[in-house]
1. For the range 388-403, enumerate the residues that are surrounded by 18 or more Cβ atoms within 10 Å (Cβ to Cβ) and either within 30 Å of Gln21 (Cβ to Cβ) or acidic (Asp, Glu) (or both).
2. Please go through the range 1-46 and pick out each residue that is among the aliphatic types (A, V, I, L, M), surrounded by 10 or more Cβ atoms within 10 Å (Cβ to Cβ) and part of a loop (DSSP other than H, G, I, E, B).
3. If you check Asp299 against the conditions, is it modelled with pLDDT of 90 or more, surrounded by 12 or more Cβ atoms within 10 Å (Cβ to Cβ) and of a type in the set (Asp, Glu)?
4. Applying the selection to the range 261-281, what residues are surrounded by 12 or more Cβ atoms within 10 Å (Cβ to Cβ), out of contact with any His (no Cβ under 9 Å at 6 or more places or on another chain) and among the basic types (Lys, Arg)?
5. Consider Glu192 carefully, then state whether it is free of Cβ contacts under 8 Å to residues at least 60 places away in the same chain, within 30 Å of Leu289 (Cβ to Cβ) and surrounded by fewer than 16 Cβ atoms within 10 Å (Cβ to Cβ).
6. With the structure loaded, tell me whether Gln400 is of a type outside the set (D, E, K, R), within 30 Å of Ser372 (Cα to Cα) and at pLDDT below 90 or whether it fails that test.
Amino acid sequence: MKASLQLKMGQQLTMTPQLQQAIRLLQLSTLDLQQEIQQQLESNPMLETAEEAETEADGSAEATDNTDSSNGDNEEGSESRNSDEAGDASSGEAESWDNENWQDNSEIPDSLPVDTAWDDVYQTAPATPAASRPEDEGGETDFESRNSRGETLQDHLLWQLNLTPMSERDRVIAHALVDAIDDAGYLTQSLEEIHQGLSASDDDDPLEMDEVEAVLHRLQHFDPPGVAAKDLRDCLLIQLNQLPADTPWLKQARLVISHYIQLLGSRDYRQLMRRSRLSEAQLKEVLGLIQSLTPRPGDAIGEDETEYVVPDVIVSRQQGRWKIELNPEIAPRLQVNSLYASLIRQSDSSKDNTYLRDQLQEAKWFIKSLQSRNETLLKVASQIVDHQQRFFEEGEEAMQPLILSEIAQAVDMHESTISRVTTQKYMHTPRGIYELKYFFSSHVSTDEGGECSSTAIRAMIRKLINEEESRKPLSDNRIATILSDQGINVARRTVAKYREAMHIPPSNERKRLV
């Protein structure tokens, strides 16, 4: 065999940097998009917001007015002579500036050739918030917002422990008990295990079990009520013991919790009334007091981070028609800085001029990608509203079945693009704020040959359960029969699956006496 040269022709699909940027911006959420825009504004001098441009224009006009008024105080002859000289010089300079710079900039094509890799042109490093920069870089350091975290249950208990006078021996026991408490407020170890662990570290003076129990009783008086309990019975009894002695039905509630909590959990009210010798009216009062207690006291203390949802699309009804518009607050209006753009010389190949040209091209790409993202989002939202008009007018029970391919065909796009557009994008409607993914659901056939959305079936199941009799809740089989009478063919296991997806307990756990 000998070496030879061969020429082959072929086609290859590649993604340009512009397309990569457009796809990445398309799948960003609102908060991520705002961070991306802020990063580009900080790294690219060619980009500016419309508000900044208006502010600079107002400042320039004000400076011009002040200059004119100050020149009016000079003598008339000197003013005429200086203005003539300045006018000749400025007119020549302006003519040269315009010819070399601004006119050259207007001839720059929309797409300039870029020979470098995408990472060299498009910076992907996260932006640094102004509040987290060092003070010497112009930002004030906000240590509280950067390093603060919510108070945990252990922190809350240790804070109370530090304010409680006790011996060093008892304080060591208390720390061991606090470490054994989980986020719900219960002990994760038995007292025997805690006692054994503490006894192993102190052989000179043996630790008695009574000492551990005494310190535990002190911790059980801490806030929140019911903390440091061994189990649910212990937790509820601790809370009942902290109530005033004259609380109505307190004695009966202790009796039910101490001896018949298993019957209460299984909702066997007949057996409970027979054993506790309480009438139905009395048991209702006792259950009302028990239901006022907290089975998970630790949930009251903990990290509670609020998550804010900023809608991307706003839907409103005006003059009998649904109006769809983008939220103007999610992103500032961007434009190219005309001052920096005018500094570019087309024929100049210096390092500074090349940098400005690359930054200008990147700014144009970014603005065009943002426009493409907004147009695609508006198209998809309009099609969703068009398909789900009955939902906006009647509610969840009128939701129509909808899949991604239907919207993709309507807007002439690929399903993957529709999936990116509808992920982490939210729509503000008169009925609330919903993720765009919410409007897509599978379908179930009906007796009339039509289709019913799974979201509508969930709404029907929730409505039936909310209207059921608390003494005799509807079973999954009964719900399936009711839906079948309405022409919706749903199996019992499907009803159970939808019910569990909505975090609704089964019928035996929904039974109530009050």
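1. The one that is surrounded by 18 or more Cβ atoms within 10 Å (Cβ to Cβ) and either within 30 Å of Gln21 (Cβ to Cβ) or acidic (Asp, Glu) (or both): Leu402.
2. Answer for the range 1-46, where residues must be among the aliphatic types (A, V, I, L, M), surrounded by 10 or more Cβ atoms within 10 Å (Cβ to Cβ) and part of a loop (DSSP other than H, G, I, E, B): Met15, Leu28, Met46.
3. It is false that Asp299 is modelled with pLDDT of 90 or more, surrounded by 12 or more Cβ atoms within 10 Å (Cβ to Cβ) and of a type in the set (Asp, Glu).
4. If the condition is that a residue be surrounded by 12 or more Cβ atoms within 10 Å (Cβ to Cβ), out of contact with any His (no Cβ under 9 Å at 6 or more places or on another chain) and among the basic types (Lys, Arg), then Arg267 is the only one that fits.
5. Against the criterion (free of Cβ contacts under 8 Å to residues at least 60 places away in the same chain, within 30 Å of Leu289 (Cβ to Cβ) and surrounded by fewer than 16 Cβ atoms within 10 Å (Cβ to Cβ)), Glu192 does not qualify.
6. yes
For every residue, the table says whether it meets (1) more than 26 Å from Arg333 (Cα to Cα); (2) at pLDDT below 90.
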position: Ser349; (1), (2): yes, yes
position: Leu378; (1), (2): no, no
position: Ile407; (1), (2): yes, no
position: Leu436; (1), (2): no, no
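To keep it simple, each residue is scored yes or no on (1) exposed (fewer than 15 other Cβ atoms within 10 Å of the Cβ); (2) under 23 Å from Ser316 (Cβ atoms).
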position: Ser405; (1), (2): yes, no
position: Thr417; (1), (2): no, no
position: Gln424; (1), (2): no, yes
position: Tyr438; (1), (2): no, yes
position: Thr455; (1), (2): no, yes
position: Ile461; (1), (2): no, no
position: Ile465; (1), (2): no, no
position: Glu469; (1), (2): yes, no
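The values are calculated or read from the model by the stated rules, or taken from the named source; none is laboratory data. Remember, predicted model here, so these are calculated numbers, not experimental data. Backbone-built Cβ (ideal geometry, glycine too); neighbour counts: all protein chains shown.
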